[in-house]
Every structure is written in structure tokens, then in C-alpha cells.
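S.K.: First the structure, then my questions, so here it is.
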Amino acid sequence: LVIATLLQFRGFDVATLAGFFKISFFRTLGTGAILLFFAYPLIGFSETINQRFFGGGSSKQSIVEFFSASRTIEERILIIVFAVAIAPIVEEFVFRFFIYGVLKRYVGVLLAVILSSLLFAAAHAHFPSFVPLFVLGTCFAIAYEWSGSILVSMTMHSLFNSLTLTALAFPELISQ
């Protein structure tokens, strides 16, 4: 909100910059789902490479540990709302809309994608998943650049978190 307010005061139209009305809701949802589908093999490959070169550390991100250890439905609902709605909006606005947007202006698209994705991975403060998070951040940045709408990367992020939480909540689905 601070970033959006400052941009508004400087005379920028945040809705236009973010591409909020560039594509329809259903196209945003479909594009985000399709792009995430194609991103999953890259994320899986990066996870394999990460485990091979840096070891298969079994530690999990703190939010994942908190979700796995939660015993009440209230705790799980709170985590789900945070991971599926709040985190994707905040993180995509900060890392793609703002950081990537500023970097792109000064260093170009390629370096902006790399630097914003490195910051995205580092911000999660979890070294064992740094490489897959970097790849995920790169996919989000490319989706934003390609579509021109931050809503596409927000959708991808939300769907990714939803699928991850589903896998955690129902591990028997993965084992099959």
C-alpha cells in the first residue's frame, strides 16, 4: 500500500502499470494455470539439481512446518488464507511489480528477472529451497513480463501455494 500510494502521489496510474485491466479474469486464471503447468518441470528439475549438488536437506520452510504441525482447523484456515491470498498479492506486488519494474528500467529485462528472482528466493530465508524458489521467481517474472499483468503472476503464485498446501494436507495423494 505504501508503494502504491507513493506511486499515485508521483502521478503514476498503478492499475495501468500493473496491467490490472489488461486481460479478463478468466483469461488471467487460465493463463496463470497454463504457465504454472509448464513451470512445474523447471521447478522439479531445479529441485533435483539442488538436492544433487547441495544435499537433500530435510528441513522445511517455517510456514510449511507450522502448517504440518497445526492441529486445529482455525490454524490451518489462517495459514491457507495467508499462503493462497495474502502472500501472493504482497510478494508479487513487491518483487515483480516494484523491484522487477524498477530494475528493468535501469538494467534491462534479463538482469531484472535474475536480480528480482534472487531477492525473492533470499527473502524466503530458506537455503535448502533457494534454487527452486529462484526458478519459481523467474517463472513469475517472465509471466509478468510476457502478459503485462501482475495478476497473472499473482494467480500462478496463488495456485502454486494452493497445490503445495494440498500436497501437505493430503500426502497420500502424492504417494499414489
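Bear in mind that the values in this text are calculations on the coordinates, not laboratory data. Remember, it's a predicted structure, so these values are computed and weren't measured experimentally. Every residue, glycine among them, receives a Cβ derived from its backbone with ideal geometry; neighbour counts consider all protein chains shown.
S.K.: So how do 11-21, 94-104 stack up, highest first, on mean other-Cβ count within 10 Å?
M.R.: 94-104, 11-21
S.K.: Distance between Cα centroids, region 12-36 to region 90-127: provide it in whole Å.
M.R.: Region 12-36 and region 90-127 have Cα centres spaced 18 Å from each other.
S.K.: Please tell me the relative contact order of region 45-150 in percent, rounded to the nearest whole number, where contacts are Cα pairs under 8 Å and at least six residues apart.
M.R.: That works out to 31 percent.
S.K.: Given that compact globular proteins tend to follow 2.2 N^0.38 Å, what is the ratio of the alpha-carbon Rg of region 44-176 to that value?
M.R.: 1.10
S.K.: As I understand it, the value is the acute angle between the Cα axis of helix 130-147 and the longest principal axis of the Cα atoms of the chain; what does it come to in degrees, rounded to 10?
M.R.: Helix 130-147 sits at roughly 40 degrees to that axis.
S.K.: Then there's this: Highest mean first, how do 153-159, 109-115, 131-137 rank when packing is the count of other Cβ atoms within 10 Å averaged over residues?
M.R.: 153-159, 131-137, 109-115
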